[in-house]
Each structure stands twice: as C-alpha cells, then as structure tokens.
Amino acid sequence: MAVKHGLGGWVNNSSRGVEIEVSGSLKQLEAFIADLQKNPPPQARLESFDVKDLPDYAYSGFEIRTSADTASEFLPVASDLAVCEECKKELFEPGNRRYRYPFINCTHCGPRYSIIKAIPYDRPNTTMAGFSLCPSCKEEYHNPADRRFHAQPIACPVCGPQIWLQEGAEKQSKGEDALQQARQHIRQGKIIAVKGLGGFHLFCDAANQSAVERLRERKHRSGKPLALMGYSLEKSAPYFVLSQPEKDLLQSTAAPIVLLDPSAQAEKILRIVAPDQKRIGLMLAYTPLHLLLLEPAPDFPDLLVATSGNISEEPICYTQEEAAARLSSLADAFLMHDRPIHHAIDDSLTQIMVLEKPLEYPLRRARGLNTQPLPLPAKMQILGTGAELKNTFCLAREGRAFLSHHMGDLQNQETLLAYESAIRHDQELYRIQPELVSCDLHPDYLSSKFAEEYARAKHLPLLRVQHHHAHLAACLTENRLDPEDPVLGLIYDGTGLGCDGSIWGGEVLYGNCKGFERCFHLKPVPQPGADLATRQPARMAIAYLLSAGLTIEDTEPFKALGEEKAQIIQAQIRQGVNAPLTSSMGRLFDAASSLLGLYQQVSYEAQAAIALESLADSQEENAYPIRIEGQSLDTAELFAEMMIDLRQGTRKQVISARFHNAVAAVSLNCLLDLRTKKQTNKVVISGGVWQNHYLLKRIWAMLQANGFAVYTHHLVPANDACIALGQVAVALAQSRR
C-alpha cells in the first residue's frame, strides 16, 4: 500500500502493535491513511488507529523491518484461520508446486494459535521451526510482494510436513496413497482418526448407521449429537435449509460448526447423528487436508461425521503418542502428520438466532475465535478461573479480556491437567502476571480449588464471585454497558451455588458488576439425590409433583422409577436426606420433560430440555400459570394444569409450548414489576437455559413489545463458558471501590 501511494518508510510488528512510519507529501499521506483505515489486511481487526506528525525524513524506499519485542509487553495473537480461496485454487491446480499438498497456506490462512509457542509470532517461535525452508519457499517468505511473505507456517512438499496412514504400530502408506487409503476405509464404513489443525477428529460416513452406532459405542456417546463436515457449501447445501447469515458463518475464516435446519434430504442423517434434535451441526472443510479427505467423488459420501478425537468428557488428543494410547480402541486407522500441535483446541460451535435481526449466538467459543480479545473498562491484570462445566478461563490486561477456548467439564484428572497447561501457556503468550484471582463461589469446583492454590502460591488476593452474578456481569460487559450502571437480569441455568448455600438457577436479578440483589427466583424444591437428579429427570418430576401436592402414581416418572425407588425418593424429600433445595430453571425443564415421558434418564447435559423444546408447537399461545408469591415463583398450578392436560390427552406439542410460554410470561411480569421499582429499563439475558431457541425468541418479542432494552450474548456463549469473563468483570469493578 505504501508503494502504491509512492511513500518511503517502514513497518514492523512491535509489542505495542503495528508501527508504520511513512514520508511523502501531505496529499499522499492523507490518501495512504484513508486507504489503510478502509482496506486493512483481510484478517486484521483494528482496535485503535493513532496518527502522529514527525519531522520529515527522506527515505529511499519502503521496508518491512524485523519484529520488535519488549519483554514486558505483548501482542494479540491471531486465531487459526480456515484455508483461503487462493490456496484452495492452488491445491487443486495441476502443475502448481503445491498441488494436492495437505499443508498449503499463506499469510491469509493456516494455523496460528495452535502452533505458536511464544510471541512475537515469528517462525522460530512456532512448531514449524524444525522445518527448514527450501530455496523456493525462502524466496516467497522474504518477498514483500508475495502472498506468503512472512507466512510463518509456509511449507511445500519439498521442505514441509508430510502425512501417512497408520494401522496398529505400522505405517501403511504415505502421501497421496495414505489419503486414498483413508478414503477407502471411510467408504467401507470404518472409523478414521485424523490429525487436524488443533487435534484429532474421528471421521466416518454420516449416512452409514452401523458406522455411526459403532463410533457412539466406542466413544461412550450414546445420544449426544455428532457434528458433520462437508467439502463445500455447494456440496452440503442440498442437505440444509440455509439463510445467508448461516452461509456466511460457514464460510468465514473461523469456520465454526453451525447448527442448521436439515432439509428433507437429510432426514435419515438427522435421525442417525442427532436423535431428538431439530437441527444438525455442520462445518465445512477448513484445512487443505480436510479438503483432500472429503474431495467429491460419485462413490464418496457428501457428509462425514467429524467428532472430537477423545472418549466423552476427556480432552481432545493432539499428539501421535496420545492418539495411539487413547484412540486405538476407537479408530480403525490413523491419518497422521508430523507438524506438531503446540496447543490443542476444539472446534467452535455457533448458530444464528433470529431476534430483531439475525444474530450470531455462540455455544462454544474455540478454534478461530479464542484469541479475539474483549474490551474491559480497566487495565488490571486478573485471572478468572471459570466454572466447573463448559469451562473457560479468562486472563485480563491492558483493558482486554482474553477468554480461553473451550476447556470442557473439569470433572476428571485429564481435563484438569489440560486446563492447568492452557493457563500457563496463555499467561506466557499474553505475558500476564495476575494481580488478583477470581473464582466461583462453590468451594468444591476444581476451578475454585485451582484458584485457591494459585492465589496462595503467588500470594495474591482471591475473590469468590457468585455464579449468577458472574453471568449478569459477563453479558453486561460483552455488550459494553457501564459496569456501574444497574440492569435487570434474567439468569436461568442448571446450577450455581447461591449466597444462602442452596442451589440457584432460576434467578431474576438487579445489579451491576459491583454487586447484585436477588429479586425473584423459582420457589425452591428438593433435588433428591443431589447431582444424581441432574442425570435422572424423573427425580425432579417427583419432587415438583409432591411440592405441588399432586399424586405421583400413574405418572411417567413413577412408572420409570418403579414403586420401590419412587418411595425411597419420597422419603429422601420428606426427611431432607441428600436432597438440597434448588431454584434451578434447568431442573424445572427436566421435570416437565420427564412428566411428558420424553426422558427419565439422560446421557448428556440438557438432553431432556432439548427434547422438550424440539416438541413445542410454535403456534400455541396459551400458557400455564406461575404465581408470584413475594420473591418466589410458584409452579404448583403449572404442574396441576399439565397433569389435567395429560389426562385429557392434549397433544404433547401443545403441553410443551404452554410450559415454555409460562416461563416467558412470568419472566415478563417480574421485569415489569422491577422496572417500576428499580427505575431501569435494561435487561441482560444469560445462562444455559437461554440456548433454548423457542424460549429466547418468545421472551425477546415480549420484552421488545413492552419497551425494554434487551441485551443478549453474541460474542461469548450464554452458558457457563461466559462465567470466567464475568468473574474478571466483577473483580475489576470491586477492586475499583
């Protein structure tokens, strides 16, 4: 661009950002500045743009200088980028020296975060340091006019990484032969483990029911939906009903998994990969290796299952050694490569929610998105350790929050070790030395225990943040609202330790980042079996029926449990033995799902609630009553009327809709009351329950119709993945008192 405008000078990456010094006439300089602001490099995100006048200096030309590094400062790191169109073209261009090379990349695409060891982002600081450039690659790398100028992962078949197929301990084939053998295995219904960009995937034919069932059995993932990968939008489109925003998301540089409505052509695949669901998760091939693996052919499937290379609840495998140890019982063969992955990272998962307008609504923020910082109102260095489920952690400095990629559920040693390693890696990468640590109020969460040990070892103050306060603060912060400006919050999720020691989760709050007031909540009921009730919705149905004074005999949950177990649960509830009180909205949904006979036992979180939502009739306008008694939202009448409808044979689709409508209606009534009392019109919506399309769209329309200013998540998930951001926001606000 400088050459185009006839300017001399230089540019480099420094710890402060991109620094440019140019010299020329005023007209040339003004044109250059305008051009740079309007047309930055394709993957650039401009956070600030400062211009200063300097004494004139006559440069002989324009040069790109070596990156300048200051030990105490940092540079934001780019996320991993999907293969660009130019590289795709070269990949399938006979005669090109990178024809069918699985690691083709350039400045606009390829691995970033997954291969970087330290900043500045230069080749010696990446896992590509061990691959010496051949003369041709070296020439491209050092040529400022070339698309591969300083593309740190640059490689070619002569000097770069290679692939091979492995069965057992033996390499069966290399290069193109390995690729074709892997494709043949997929045709034959086998399961292939493929080392990708941030770890291993398990691939099989999505339309082959026996292959998918075998994968589920091996992976211990009985009912949970499985993601799909397609070669291109053109090849995948017939299987889905696609809006333009969904097409844009699929083809973005982040290339996330996008939840989509299937077309009639995908009915069989839907039943196989996403039972009890209305939508399927699809991502497009985002690396050259994936493109080659999914290359269209008359006898090759259009869609493959592409699920994380792990046994359920364990971290994704990312080294050959790990894969051999942990995936050998899952995969029939391995498609390997020798480009090391420095940091494992899973695929992002998102969707388009049509509210006032189409809005991206992420469910898992990982590959392609994880390094994009979120703005904060202060510059303190803080570590937020996050929640127990769907964990992320958050590191903050210089007015930026770096929310980690999805870590998973911190409920086993393997995930905890991956979590601790990721914190160390990101601390070094962003050069953050926390001055304060914040964690969840629950003392038994592994993230809380880590925070205690970390704070003790580093002699740092530790702040415990109530779970639902963190949800409110996260949504408030993401939407750049004033951290001291009070808002109303609909915070609905499955669990979170409350200030009174009970389990919260159906909370209507008033507050800001500094503090909050619990204004309304679901009337607490016993949660018989404690955590066991989260896996057995029938237990919650019994608890709600008994709390409403209704009989439990002849109900679906009673039949599923059997008389003996149902009596034991009744005794637990009466005596208060291992039956803590809960106001969880998630458990309320579980109870309704159980009562309708959908799920009495679940294999993954929110399975019962998802089935309940999938059933709801969007044309139904009636709602069951939920009474407001003081601060409590009493569901006794709701369950009484549900029982009447069930006995009268009312369609379950109608009952589900009336249940959802009841939650929306009582939420609106609470907010109308608080708007008058608290004199605020702003509402933030957070918590895993709000991943429910039907419920969110309904409450959004109702709040808009009543003149509320409504704020939802759109950059980070509404589920517990946002908790770490909220913890940091609360810590910042409270440290400024």
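The values are calculated or read from the model by the stated rules, or taken from the named source; none is laboratory data. From a predicted model like this one, the values you see are computed outputs, not experimental measurements. Note that we place each Cβ from the backbone using ideal geometry, even for glycine, and neighbour counts take in every protein chain shown. The area values use the complete protein model at the heavy-atom level, side chains included, leaving out ligands, DNA and RNA. Shrake-Rupley method; radii C 1.70, N 1.55, O 1.52, S 1.80 Å.
Residues are listed down the side, and each one gets a yes or a no for (1) outside any strand (DSSP E or B); (2) within 30 Å of Cys137 (Cα to Cα); (3) touching a residue at least 40 places away in the same chain (Cβ under 8 Å); (4) in contact with a strand residue (DSSP E or B) (Cβ under 6 Å, 6 or more places away or on another chain):
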{"site": "Arg147", "(1), (2), (3), (4)": "yes, yes, yes, yes"}
{"site": "Gln184", "(1), (2), (3), (4)": "yes, no, no, no"}
{"site": "Cys204", "(1), (2), (3), (4)": "no, no, yes, yes"}
{"site": "Ala207", "(1), (2), (3), (4)": "yes, no, yes, no"}
{"site": "Lys235", "(1), (2), (3), (4)": "yes, no, yes, no"}
{"site": "Lys247", "(1), (2), (3), (4)": "yes, no, no, no"}
{"site": "Ala254", "(1), (2), (3), (4)": "yes, yes, yes, no"}
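Just one of the listed residues (Cys722, Cys670) is of a type outside the set (Lys, Arg), over 24 Å from the mean Cα position of the chain (by Cα) and closer than 25 Å to Leu497 by Cα, namely Cys670. Note on segment 677-700: among residues that are among the charged types (D, E, K, R) and surrounded by fewer than 22 Cβ atoms within 10 Å (Cβ to Cβ), the one that is nearest to Tyr361 (Cα to Cα) is Lys697.
I'd like to know if segment 498-506 contains one or more residues that are open to solvent by less than 10 Å² (accessible area, probe 1.4 Å) and acidic (Asp, Glu). No, the conditions are met nowhere in segment 498-506.
For segment 545-576, which residues satisfy the criterion of being among the hydroxyl-bearing types (Ser, Thr, Tyr) and either out of contact with any Leu (no Cβ under 7 Å at 6 or more places or on another chain) or free of Cβ contacts under 8 Å to residues at least 24 places away in the same chain (or both)?
Matches in segment 545-576: Ser547, Thr551.
When Ser252, Ser222 are checked against the criterion of being among the polar types (S, T, N, Q) and open to solvent by less than 70 Å² (accessible area, probe 1.4 Å), Ser252 stands alone in meeting it. Can we say Arg148 is on the phi < 0 side of the Ramachandran plot, of a type in the set (Lys, Arg) and buried (at least 19 other Cβ atoms within 10 Å of the Cβ)? Considered against the rule, which asks whether it is on the phi < 0 side of the Ramachandran plot, of a type in the set (Lys, Arg) and buried (at least 19 other Cβ atoms within 10 Å of the Cβ), Arg148 comes out as yes. In the set (1) in a loop (DSSP other than H, G, I, E, B); (2) over 12 Å from the mean Cα position of the chain (by Cα), the condition left unmet by Thr415 is number (1).
Rundown of residues vs (1) open to solvent by 70 Å² or more (accessible area, probe 1.4 Å); (2) closer than 28 Å to Asn681 by Cβ, yes/no style:
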residue	(1), (2)
Lys565	yes, no
Ser603	no, no
Gln607	no, no
Glu629	yes, yes
Val654	no, no
His660	no, yes
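Of the residues Glu517, Glu507, Glu564, Glu553, the single one that is among the acidic types (Asp, Glu), farther than 30 Å from Ala729 by Cβ and not in a loop (DSSP other than H, G, I, E, B) is Glu564. All of Ser667, Ser618, Ser686 fail the test of being of a type outside the set (A, V, I, L, M) and in contact with a Cys (Cβ under 6 Å, 6 or more places away or on another chain), apart from Ser686.
Quick grid of which residues meet (1) of a type in the set (A, V, I, L, M); (2) touching a strand residue (DSSP E or B) at 6+ places or on another chain (Cβ under 9 Å); (3) open to solvent by less than 40 Å² (accessible area, probe 1.4 Å); (4) in a helix (DSSP H, G or I):
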position: His469; (1), (2), (3), (4): no, yes, yes, yes
position: Leu476; (1), (2), (3), (4): yes, yes, yes, yes
position: Pro483; (1), (2), (3), (4): no, no, yes, no
position: His521; (1), (2), (3), (4): no, yes, yes, no
position: Ala538; (1), (2), (3), (4): yes, no, yes, yes
position: Ala543; (1), (2), (3), (4): yes, yes, yes, yes
position: Leu546; (1), (2), (3), (4): yes, yes, no, yes
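Of all residues in segment 122-145, those being touching a residue at least 12 places away in the same chain (Cβ under 8 Å) and farther than 29 Å from Glu428 by Cβ number 4. Within segment 523-536, if we keep just the residues that are assigned to a helix (DSSP H, G or I) and open to solvent by 10 Å² or more (accessible area, probe 1.4 Å), the residue that is nearest to Arg675 (Cα to Cα) turns out to be Thr534.
Considering only residues that are part of a loop (DSSP other than H, G, I, E, B), closer than 29 Å to Thr70 by Cα and small (Gly, Ala, Ser), look in segment 1-23 and name the one that is modelled with the lowest pLDDT. Across segment 1-23, the extreme among qualifying residues is Ser15. Restricting Ala331, Ala324 to residues that are surrounded by fewer than 20 Cβ atoms within 10 Å (Cβ to Cβ) and not in a strand (DSSP E or B) narrows the list to Ala324.
Checking the structure you have, find out if any residue of segment 288-302 is in contact with a Ser or Thr (Cβ under 9 Å, 6 or more places away or on another chain), crowded, with 19+ Cβ neighbours inside 10 Å and in a loop (DSSP other than H, G, I, E, B). Looking for residues that are in contact with a Ser or Thr (Cβ under 9 Å, 6 or more places away or on another chain), crowded, with 19+ Cβ neighbours inside 10 Å and in a loop (DSSP other than H, G, I, E, B), one finds at least one in segment 288-302, hence yes. Ala129 satisfies every condition listed in (1) open to solvent by 10 Å² or more (accessible area, probe 1.4 Å); (2) part of a helix (DSSP H, G or I); (3) more than 18 Å from Asp80 (Cβ to Cβ) except (3). Taken together, the residues in segment 446-467 that are assigned to a helix (DSSP H, G or I), farther than 30 Å from Gln607 by Cα, open to solvent by 20 Å² or more (accessible area, probe 1.4 Å) and not charged (D, E, K, R) amount to 2. Applying the set (1) surrounded by fewer than 16 Cβ atoms within 10 Å (Cβ to Cβ); (2) touching a residue at least 24 places away in the same chain (Cβ under 8 Å); (3) assigned to a loop (DSSP other than H, G, I, E, B) to Leu46 leaves exactly one unmet item: (2).
Looking for something hydrophobic (A, V, I, L, M, F, W, C), open to solvent by 20 Å² or more (accessible area, probe 1.4 Å) and more than 21 Å from the chain's Cα centre (by Cα) - is there at least one such residue anywhere in segment 429-441? Yes, segment 429-441 contains a residue that is hydrophobic (A, V, I, L, M, F, W, C), open to solvent by 20 Å² or more (accessible area, probe 1.4 Å) and more than 21 Å from the chain's Cα centre (by Cα).
Being under 30 Å from Ala71 (Cα atoms) and charged (D, E, K, R) is the filter here; which residues of segment 24-56 pass it? Listed by number, the residues that qualify are Arg45, Glu47, Asp50, Lys52, Asp53.
The combined condition, being touching a Pro at 6+ places or on another chain (Cβ under 7 Å), of a type outside the set (Gly, Ala, Ser) and open to solvent by 50 Å² or more (accessible area, probe 1.4 Å), is fulfilled by Pro76.
Among the residues of segment 609-627, those identified as open to solvent by 30 Å² or more (accessible area, probe 1.4 Å) and over 33 Å from the mean Cα position of the chain (by Cα) are Asn622, Pro625, Arg627.
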